[in-house]
1. What do you get for GluC sites (Glu not before Pro) in region 1-65 restricted to DSSP loop and a cutoff of at most 16 other Cβ within 10 Å of the site's Cβ?
2. Which of the listed residues, L40, L4, I81, is farthest toward the dipole's positive end in the chain, when Lys, Arg count +1 and Asp, Glu count -1 at the beta-carbon?
3. Please work out how much length the chain gains when fully extended from M70 to Y21, using 0.36 nm per residue of separation minus the C-alpha to C-alpha distance, in nm with one decimal.
4. Helix 2-68: angle to the longest alpha-carbon principal axis of the chain, degrees 0 to 90, nearest 10?
5. Could you tell me which of S15, T28, L49 has its Cα farthest along the dipole of the chain towards the positive end, charges placed at Cβ (Lys, Arg +1; Asp, Glu -1), taken about the Cα centre?
6. At 222 nm, what value in deg cm²/dmol follows for the chain if DSSP H runs of at least 4 each add -39500 (n - 2.57) and the sum is divided by all its residues, to the nearest 500?
7. Distances over 20 Å make up what percent of all Cα-Cα pairs in the chain?
Amino acid sequence: MLILMFVTTLWLAISVVENRYQVRHLYTQLQKLEKQRDELNLTWGRIRLEKSTRINHTEIERQARDQLNMKMPDVVDIKVIRE
């Protein structure tokens, strides 16, 4: 009976150590994944901002062409002024 209790106690102690190791390992993975998620969220925010900026720019160009009859000047019509 005493041997059975000793083996059970030893098995439980080893299980506790193994579980603590797994918890630490999983927590480290969680931290890495949360950092990656945060970086991806920042990138996604930048992409959305860039997309909205491009859409607005494209819309302004379209309205300038259609409503105001504006167009990009030809290369020969562009003059660069330097001070």
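Taken together, the values in this text are just the output of simple stated rules run on the coordinates, not laboratory data. Being a predicted model, the structure only gives us computed values, none of them experimental. Here Cβ is always computed from backbone atoms with ideal geometry, including for glycine, and neighbour counts include all displayed protein chains.
1. Sparse-neighbourhood loop GluC sites (Glu not before Pro): none present.
2. Farthest towards the positive end: L4.
3. 10.8 nm
4. 10 degrees
5. Working it through, the farthest residue towards the positive pole turns out to be S15.
6. So the calculated ellipticity at 222 nm is -30500 deg cm²/dmol.
7. Result: 72 percent of Cα pairs exceed 20 Å.
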